[in-house]
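Note sheet for the following structure.
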Amino acid sequence: MAELHLGQVLEYRGDALVEGPEAVTHRRHGALLVEGGKIAVVGEADELRAAHPQARVTDHGGNLLSPGFIDAHVHYPQTAIIASWGKRLIDWLNHYTFPEEISFADPAHATQIANLYLDLALENGTTTMCSYCTIHPGSVDAFFTAAQARGMRVAAGKTCMDRNAPDGLRDTPQSAYDDSKALLARWHGVDRLSYVITPRFSPTSSADQLAALGALWAEHPDCLMQTHLSEQVDEIAWVHELYPTARDYLDTYETYGLLGPNALYGHAIHLEPREADRIQEVGAALIHCPTSNTFIGSGLFDWPKRLAEGQRIGLATDTGGGSSFSMLRTMAAAYEIGQLTHKPLHPAQLWWLATQGSAQAMRMGDRIGALAPGMEADFIAVDLASTPAIAQRAARAEDIWEAIFPTIMMGDDRAIAGVWTLGEKRR
Ligand SMILES: [Zn+2]
């Protein structure tokens, strides 16, 4: 049966990261007609009510109907260690991350955390994410099974590491290839699930392992490939020691077939000009993880340069290096980093990054991340007055963006009034 959802609606007409608010249409009294798990029509509430008298109506009042948030880089296995104190990247991995990831050898633990993580994500309005798992194939099975049960479109892959990681967290070039290939065959394209080829980063992969994963990607070029790039200065120096003949960090991936249009590079803070040029030329995506970059002390994403270059950019929490599950908090941190780099991002740019921008980075922009006919009906209702502090500020707003901005800067899961995937209510 058709369902009609009434509320404020934002529609994208173009790339709001580039064009700003001009690329977005706001309907104060808008409506979505949802049928068969997809958005059939978007329009004015009065007109759609008259045209579809048989539809079941849900009136969301002044709440904003938005595409569900899309988090383009998370580590679901790090859910339980989020907000761990006092370390920078390499120490943080050794001290907090690796000990926790070892426990994912137990499939019951993986299942428990996968369910916990996905519930937290949905509470925060995130309907799709691109996740790293651990080296254990069972950690991938657990995540996809939990996402499948929630009707979610997600992407994930087995994290591959064959060096500079503790016992119990290393695979080999051959087993990384074999396990990844078997998982890809089992899950890629099943329901709404996508397999992602996932070397953690060059310091924990030998050249042979990167080459093996590059070969796998060449066999399955439609898959995404995710990894980390140029997060901290110390890490970059380490990469130069480990790969002395590489021109730069990106070259360690490029040489072994791990640079392509379907690549997602997390962080990409301290890019050399050659790296930025190559990524832009190839059309790979940079995934900005602002709460992680400030929390782990990595540095500031160069917003003015990356925008001027016309890079494809997605937004992400980097749970649990990031300090929040909320894409609202993540947009706020992106805004703060924009300010620190002298590029204040407009609320339209921030909202677009957290929805269609991340969807495009994940090559899913034609299915999710926008409210438009034919799109999958993954959407959220956002209360723009969810706390007294936000409500009093939003009450003075003169346009929709001024009404949304206090929720971006101060909002959390209390602002998420409802969450739907494939048109079904999940929260
Ligand atoms: Zn990460």
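Selection within region 307-335: residues that are more than 16 Å from the ligand (Cβ to nearest atom) and open to solvent by 10 Å² or more (accessible area, probe 1.4 Å). The member of this set that is farthest from residue 156 (Cα to Cα) is 308. Quick test of your reading of the structure: residue 188 fulfils all but one of (1) open to solvent by less than 20 Å² (accessible area, probe 1.4 Å); (2) in contact with a strand residue (DSSP E or B) (Cβ under 6 Å, 6 or more places away or on another chain). Name the failing condition by number. It fails just one condition, (1).
Filtering region 362-383 to residues that are among the hydrophobic types (A, V, I, L, M, F, W, C) and open to solvent by 20 Å² or more (accessible area, probe 1.4 Å) leaves only 372. Condition first: touching a residue at least 60 places away in the same chain (Cβ under 8 Å) and of a type in the set (Asp, Glu). Can you find one or more residues in region 59-73 that meet it? Checking region 59-73: at least one residue is touching a residue at least 60 places away in the same chain (Cβ under 8 Å) and of a type in the set (Asp, Glu). Which of the residues belonging to region 209-247 are away from the ligand (no atom under 16 Å from the Cβ) and open to solvent by less than 10 Å² (accessible area, probe 1.4 Å)? Selection gives 209, 210, 213, 214, 216, 223.
Can you give me the ranges of the strands (runs of 3 or more DSSP E) entirely in region 1-120 with at least 1 residues that are under 30 Å from residue 394 (Cα atoms), open to solvent by 10 Å² or more (accessible area, probe 1.4 Å) and away from the ligand (no atom under 16 Å from the Cβ)?
Working: elements: 3-12, 24-35, 38-44, 56-67, 69-75.
Result: 3-12, 24-35, 38-44, 56-67.
Whenever a residue of region 336-361 is surrounded by fewer than 24 Cβ atoms within 10 Å (Cβ to Cβ), its partners that are among the polar types (S, T, N, Q), lying with C-beta atoms within less than 9 angstrom and at least six residues away or across chains, give the pairs 336/294; 337/293; 337/294; 338/349; 345/339.
The values are calculated or read from the model by the stated rules, or taken from the named source; none is laboratory data. What you see is a predicted model, and the numbers here were worked out from it, not measured in a lab. Cβ sites come from the backbone with ideal geometry, for glycine too, and all protein chains shown count toward neighbours. To get the accessible areas, we keep the full protein, side chains included, count just its heavy atoms, and leave off ligands, DNA and RNA. Shrake-Rupley method; radii C 1.70, N 1.55, O 1.52, S 1.80 Å.
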